[in-house]
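Let me begin by presenting the structure, written as C-alpha cells, before commenting on it.
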Amino acid sequence: MSRQIKFVAFLMAGPTCHHHAMWRHPETENRFLDAAFWETLARTLEVGRFDALFFADAPVFCNETIMARGGQMSLLDPVPLIAIMSRATSRIGLGVSISASFQKPYPIARLLSSLDVLSGGRIACKMVTNDRAPQTCGKDALLPREEAYDWAEDVLRIYRDMWTGWTDGALVVDKASGEFIDKGRMRRTEIAGRFVGERRMFTVPPSPQQYPVIMHAGSSPRGRNFAAHHAEIVFTLQHSLTSMQEFYADMKGRVDKVGRSTDDCSILVSVEPILGETESIAREKQAYINELVDARLGVALVSAHTGLDLSQYPIDKPISDIPAEAGSRSSFDVLFERVKASNLTLGEAARRFAASELCPQVVGTPESVADQLQEMFENRGCDGFIVTPTEMPGSFEAFTRSVVPILQKRGVFRKEYPGSTLRETIKS
C-alpha cells in the first residue's frame, strides 16, 4: 500500500483550542459541558476516518486575563470525556495528555490501561514531561528540564514493565478447575528508578493492542531524543514547509539512530484549515475569525507561554523594542522571528500568535486545502496532521465532509479502518 496521510483532531474541554477566538465565532456551539456534544463529535471524526482525536489539557487557569477572556483552558478533566467518546465509537483512537512529573506511576498506568481495555485497544497518551501547574500534584515548583525528562524516563519504563507483565493465557477464568489467573504467566514489576519505583503486580489485563500508544511533543534536543526512543506519534508545530522538512528529517534520523524503524514513529504537524466555497470566501472567513482575537488575551497568552510579563508594556509598543532576557523564550523567539521584519506592535504580534499559536492556517476551497496538505505530506514535511478547529463543531464537520473525500479519491487517505485498534490504524 502507498504511504497514507494520518489525521488527529486537536481538542480541549473548554472554549478554544489553538485559535483563541473560537468560542466567539457565531457558529461555535460552546457545548463543551455537554456529554452528547462530545459523543456526536467523536462519531463525526470516525466517519471521517481520523486516526485519533486528542485532548490537550490545561488543568488550571494560567492567569486571570486568560480566564476572563476565554483563552486556552480545560473546564473539564478530559479522561471522563475519553471514556464517554469511546462508548460512542468503535474504531477511532482516543488520546489524552498525562503528566509524567510528580505523580506516582501505578495509578496512572492503571487508569490508562483500564481505558485501553474498555475501548478495545484505542487509547493513546501524550507524555507531558513537566506539568504546567505542579501545585495540582502537591508540589511547589517545576522540575528542571533535564531532570523532568529523567523522571519521565523512569515513569515510562515502569508503565511498560507493568503493561507487559501479563503474558498470553494469564487470565484463565476456568469455572471447572477454579483457576482464575495462572500466576506462572504473571511478572511482578521490580523497578527502583532514580526518581520513582514500583514493586508490585499489575492488576489490569492487556488490551487488544496490549498497551496505550505513546505520543510526545517535545521539540528541544532532549525532547526529540525522548521521542525517538519512545514515541509512536510525535506532534510538532512548524510554520513553513522548510521547517517541517528539517524537523521531519531530524526526527527520523534520531529514530533510526536508536535502532527503531522510522515507520514506527509518525511525525504530525499542526494545521488550522479554513474552508470556503471559493478562495475569496475562504480568505474572508480567515480575516473574520482572526479579527475576533482579543489583543489583551493575546498578550496574556504569550506571557503564559514565555514566562515573561508582557502586560507591563504598552500594547502599541513595537515588538522589536521589548527585551526578553528572562524566562522561557521558545514561543517568544518564534514569534519575534516571524514579525521582527514587519514592525508590528506588541498587540498586533500577540493577536497573530493567539490566532493559531503560529501553526499554519491552511486556507482555501476544499480542493486547494487538499492540495496544500498533500504537498506537505508528499514532500516529506510530515506523515500527517494535527487538525485544529476555528469553530466548533463546524470546522471538523466541513473538513470530514469536503476535504477527506478528495484525499480518499486521490488514494492518499484511507476509506476504511484497517483493524480495530489504534496501533493497527497508525501503522497502516
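Quick notes on this one:
- Between helix 295-306 and the chain: long-axis angle, C-alpha atoms, 0 to 90°, nearest 10: 50
- To the nearest ten degrees, helix 346-356 and the longest principal axis of the Cα atoms of the chain are 40 degrees apart.
- Sorting 377, 385 from the fewest to the most surrounding beta carbons within 10 angstrom yields 377, 385.
- Förster radius 41 Å - calculated FRET efficiency between residue 246 and residue 280, Cβ distance, rounded to 0.05: 0.80
- Cβ-to-Cβ counts within 10 Å put 216, 229 in ascending order as 229, 216, the fewest first.
- Helix axis angle, 35-47 relative to the chain longest principal axis, alpha carbon, degrees: 90
- Our note on the geometry: Cα centres of the stretch 80-121 and the stretch 243-284, 25 Å apart.
- Where a label projected 7 Å from the Cα of residue 260 along Cα→Cβ would reach, residues of the stretch 196-218 with amide N under 16 Å: 211-218
- Taking the three principal axes of the alpha carbon atoms in the stretch 6-426, the coordinate ranges are 76, 50, 43 Å, sorted in descending order.
- Relative contact order of the stretch 6-426, defined on C-alpha pairs under 8 angstrom at six or more residues apart (%): 22
- Between residue 104 and residue 170, the contour length at 0.36 nm per residue exceeds the Cα-Cα span by 21.2 nm.
- Residue 190-residue 317 pseudo-label distance in nm [points 7 Å out on the Cα-to-Cβ vector]: 6.0
- Beta bridges per DSSP, both residues in the chain: antiparallel share near 20 percent.
- Highest average packing first - 258-267, 364-373, Cβ atoms within 10 Å: 364-373, 258-267
- Counting neighbouring beta carbons within 10 Å and listing from fewest to most, the residues 232, 64 come out as 64, 232.
- Count of Lys pairs (Cα-Cα under 25 Å; at least 8 positions apart or interchain) in the stretch 6-426: 12
- The relative contact order of the stretch 33-100, computed from alpha carbon pairs under 8 Å that lie at least 6 residues apart in sequence, is 47 percent.
- Inter-site label distance for residue 35 and residue 84 at 7 Å from Cα along Cβ, in nm: 0.7
Read-outs throughout are calculated quantities, based only on the coordinates presented, and are distinct from any laboratory measurement. Treat the numbers as computed from the prediction; the structure is a model and nothing was measured. Cβ sites come from the backbone with ideal geometry, for glycine too, and all protein chains shown count toward neighbours.
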